[in-house]
Amino acid sequence: MQIPFLSFEYQNQIIRKDILQTFEGFFDSNWYVLGERVKNFEKEYANFNGVNYCIGVGNGLDALHLSLKALNIGSGDEVIIPSNTYIATALAVSYTGANPVFAEPKIETYNIDPDRIESAINSKTKAIMPVHLYGQACEMDAIMAIAKKHNLFVVEDNAQAHGAAYKGKLTGSFGQVNATSFYPGKNLGALGDAGAITTNDEKIAQRVMRLRNYGSDKKYFNEEIGFNTRLDECQAGFLSVKLKHLKDWTRQRQQIAQWYNEALRGTGDIILPQIAPGATHVYHIYLIRTRKRDALQSWLSENGIGTLIHYPVPPHLQKAYHDLGYKKGDFPIAEEIADTCLSLPLWPGMKENEVTYVAQKIKIFFK
Ligand SMILES: *Cc1c(COP(=O)(O)O)cnc(C)c1O
């Protein structure tokens, strides 16, 4: 059996007819940038996410960047982010001229540890950016309370957690302004790059709409130095098609995770995903940890099973961030996760016998 890390075959077969029809409608419309499809998808996604406004942009990194710009965060400011996130979270902070400041995650949930945020706060701190990593909601009650106490903004990085919730409230609806990505492999993925900002604040929504479109409210009149990062009209149409299936596909992800949990419990030194009280997990990634990570990955690869490492190098140890002056050992929890984590195959439509096959090969490895 060959089991890829990710397959779109099942999803694509379900949406094929609707996607082709959407493309035809788009093609024949003679209108290709910022049209009806973007407006419709923005309404649908705002509704899905339980917020007043959704503004489509070119990708998740731009969504994060514009979120920070909309809060006037810039040079001389600091933004607290988890030490174990994908590089985009840190890059968005750097783009504004502000500095990313890292706070360690909890080793159980891999999400930012609320108890380690306050020691990173100083007079330059402007915002906290929680990342709902791998699809699990962060402990938002504690994070919002710290932000309120210190008068800081919260900007959620919701790229991996469409539809996850903390105490019944959806991720992407807590912060003053929040960002998400619709990169093809995300839980809601376009057929190319795409992203969005979600907010309940009308002024922020208007500012982001201006920033994504050359800093212009009215064609050829520019209020500020903006960007060109609009959600593509064609991708918006595709996203509307896929959004209709997101709840079903999320349930499938959760079922697959359940199958893995049952099959792998007690195997070798494997640590299974753990969920914080009050949080839900939408399993963008099903991640296990083991001391024998590299050998296990090679063994699975020899057996036709694709895996990935999310992520092998934490931001503070990336060459790109050499100038921040960090060294190995500065964020031991993030480094521990990077050294031991392995993401197993998971996609909507993956069958129980495929999960069983992966689990069996893992069990044989540990024997
Ligand atoms: C994917 C991702 C991003 C960036 O999204 P792009 O659309 O690829 O720019 C940002 N943050 C996290 C946590 C992500 O997983």
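Residue by residue through segment 39-66, note down the ones that are away from the ligand (no atom under 16 Å from the Cβ) and of a type in the set (S, T, Y).
Once the filter is applied, which keeps residues that are away from the ligand (no atom under 16 Å from the Cβ) and of a type in the set (S, T, Y), segment 39-66 yields only Y53.
Do we find a residue being in contact with a strand residue (DSSP E or B) (Cβ under 7 Å, 6 or more places away or on another chain), part of a helix (DSSP H, G or I) and among the charged types (D, E, K, R) anywhere in segment 41-51?
Yes; the residues of segment 41-51 include at least one that is in contact with a strand residue (DSSP E or B) (Cβ under 7 Å, 6 or more places away or on another chain), part of a helix (DSSP H, G or I) and among the charged types (D, E, K, R).
Among the hydroxyl-bearing types (S, T, Y), modelled with pLDDT of 95 or more and over 22 Å from the mean Cα position of the chain (by Cα), is that true of Y32?
The answer is yes for Y32.
Output the number of residues of segment 273-313 satisfying the condition of being crowded, with 20+ Cβ neighbours inside 10 Å and touching an Asp or Glu at 6+ places or on another chain (Cβ under 6 Å).
Going through segment 273-313 one residue at a time, the tally reaches 1.
Can we say A63 is surrounded by fewer than 22 Cβ atoms within 10 Å (Cβ to Cβ) and part of a helix (DSSP H, G or I)?
In short, no.
Report yes if D201 is within 20 Å of A147 (Cβ to Cβ), of a type in the set (D, E) and either at pLDDT 95 or above or more than 12 Å from the ligand (Cβ to nearest atom) (or both), otherwise no.
Yes: the conditions hold for D201.
Could you look through segment 67-89, keep only residues that are surrounded by 24 or more Cβ atoms within 10 Å (Cβ to Cβ) and more than 21 Å from F227 (Cα to Cα), and pick out the one that is nearest to the ligand (Cβ to nearest atom)?
Here the answer is T85.
If F174 meets every condition in (1) of a type in the set (F, W, Y); (2) away from the ligand (no atom under 12 Å from the Cβ); (3) more than 25 Å from D141 (Cβ to Cβ) apart from one, which number is that one?
(3)
Being closer than 17 Å to A92 by Cα and either within 12 Å of the ligand (Cβ to nearest atom) or aromatic (F, W, Y) (or both) is the requirement here; does H162 meet it?
no
Quick check on my filter: what residues within segment 26-57 are under 18 Å from G192 (Cα atoms) and exposed (fewer than 14 other Cβ atoms within 10 Å of the Cβ)?
Selection gives F27, Y32, V33.
Which one of these does D232 not meet: (1) in contact with a strand residue (DSSP E or B) (Cβ under 7 Å, 6 or more places away or on another chain); (2) surrounded by 21 or more Cβ atoms within 10 Å (Cβ to Cβ)?
Result: D232 passes all but (1).
Name the pairs: first residue in segment 230-246 and assigned by TED's automatic domain parsing to the domain that holds C54 and in contact (Cβ under 8 Å) with a residue 60 or more places away in the chain, second residue basic (K, R) and in a helix (DSSP H, G or I), Cβ to Cβ under 6 Å, at least 6 apart or on different chains?
E233/R37; A236/R37; G237/R37
Check off (1) more than 18 Å from the chain's Cα centre (by Cα); (2) within 16 Å of the ligand (Cβ to nearest atom) for A98 and give me the number that stays unchecked.
(2)
List pairs: first residue in segment 191-219 and in contact (Cβ under 8 Å) with a residue 12 or more places away in the chain and in a helix (DSSP H, G or I), second residue within 16 Å of the ligand (Cβ to nearest atom) and basic (K, R) anywhere in the structure, Cβ distance under 7 angstrom, at least six positions apart or on different chains.
Listed pairs, sorted by first residue: L211/K69.
As an exercise: evaluate T180 against (1) in contact with a strand residue (DSSP E or B) (Cβ under 9 Å, 6 or more places away or on another chain); (2) more than 10 Å from the ligand (Cβ to nearest atom); (3) outside any loop (DSSP other than H, G, I, E, B) and give the number of the one condition it does not meet.
Tallying (1) in contact with a strand residue (DSSP E or B) (Cβ under 9 Å, 6 or more places away or on another chain); (2) more than 10 Å from the ligand (Cβ to nearest atom); (3) outside any loop (DSSP other than H, G, I, E, B), T180 fails exactly one: (2).
The values are calculated or read from the model by the stated rules, or taken from the named source; none is laboratory data. Keep in mind that what you see is a predicted model, and the values were worked out from it rather than measured. No Cβ is skipped: glycine too gets one built from the backbone with ideal geometry, and neighbour counts run over all protein chains shown.
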